[in-house]
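Accompanying notes for the structure given below.
Taken together, the values in this text are just the output of simple stated rules run on the coordinates, not laboratory data. If you're wondering where the values come from, they're calculated on a predicted model, not measured in any experiment. Here Cβ is always computed from backbone atoms with ideal geometry, including for glycine, and neighbour counts include all displayed protein chains.
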């Protein structure tokens, strides 16, 4: 889980950036956090508590994503970003993420995930097995020729 501070949500998103230089609304929308703001007592001024205890796991993940989006980096690194999200929110998050990337030249996403919504948007997939690169290619290419990718896509456990 991402690290959040016992501070208002706004401060957890800005992390020292001047608010006037950040498009928080766009970052919040990209992270599918806009509805959650309406449910919080004080919106962006809601205290999230130590380590974000007042937020759900999915809200914490999306808060961390909004924090990244507020910075507009050249490289986004996501490690299983959508693991605590419901199916609909996960779909919207990845859709918005890749819409955003498409409008921002020079942004690259490095995504560690086995989740289908993330894999469907990938330009290039690297399949790891036993800590080594097992295969690389597009989703369609790997599904056609790589048994390990086929197994992952079907959701089979390696121990089966």
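Give me the percent of DSSP beta bridges within the chain that run antiparallel, rounded to the nearest 5.
In the chain, DSSP labels about 55 percent of beta bridges as antiparallel.
Between the helical axis of 87-103 and the dominant principal axis of the chain, each derived from Cα atoms, what acute angle in degrees is found, rounded to the nearest 10?
90 degrees
Which whole-number percent is the relative contact order of the chain (Cα, under 8 Å, 6+ apart)?
Reported as a whole number, the value is 20 percent.
Name the residue, out of 122, 31, 66, whose mean-square fluctuation peaks in a Gaussian network model built on the chain with Cα pairs under 10 Å.
Highest fluctuation among the options: 122.
Under a plain spin-label model, where a point goes 7 Å from the Cα along Cα-to-Cβ, how far apart in nm are residue 22 and residue 121?
For the pair residue 22/residue 121, the computed spacing is 2.1 nm.
Mean-square fluctuation check for the chain, GNM, Cα pairs under 10 Å: which of 49, 57, 131 is largest?
Comparing 49, 57, 131 in a Gaussian network model of the chain, the most mobile one is 131.
Report the gain in length on full extension from residue 72 to residue 138: 0.36 nm times residue separation, minus Cα-Cα distance, nm rounded to one decimal.
Contour length minus the Cα-Cα distance gives 21.2 nm.
Where is the GNM fluctuation largest for the chain (alpha-carbon springs, 10 angstrom cutoff): 119, 37, 17?
Among 119, 37, 17, the largest GNM mean-square fluctuation belongs to 17.
Per residue of the chain, what 222 nm ellipticity follows from adding -39500 (n - 2.57) for every DSSP H run with n ≥ 4, rounded to the nearest 500?
It comes out at -12000 deg cm²/dmol, rounded to the nearest 500.
Assuming 0.36 nm per residue, please report the length gained on full extension of the stretch residue 130 to residue 3 beyond their Cα-Cα distance.
Going from the current span to full extension adds 42.8 nm.
Can you list, bin by bin at 5 Å, the percent of alpha carbon pairs in the chain, starting at 0?
Taking all Cα pairs of the chain, the binned fractions are 1, 8, 17, 19, 18, 13, 10, 7, 5, 2, 0 percent.
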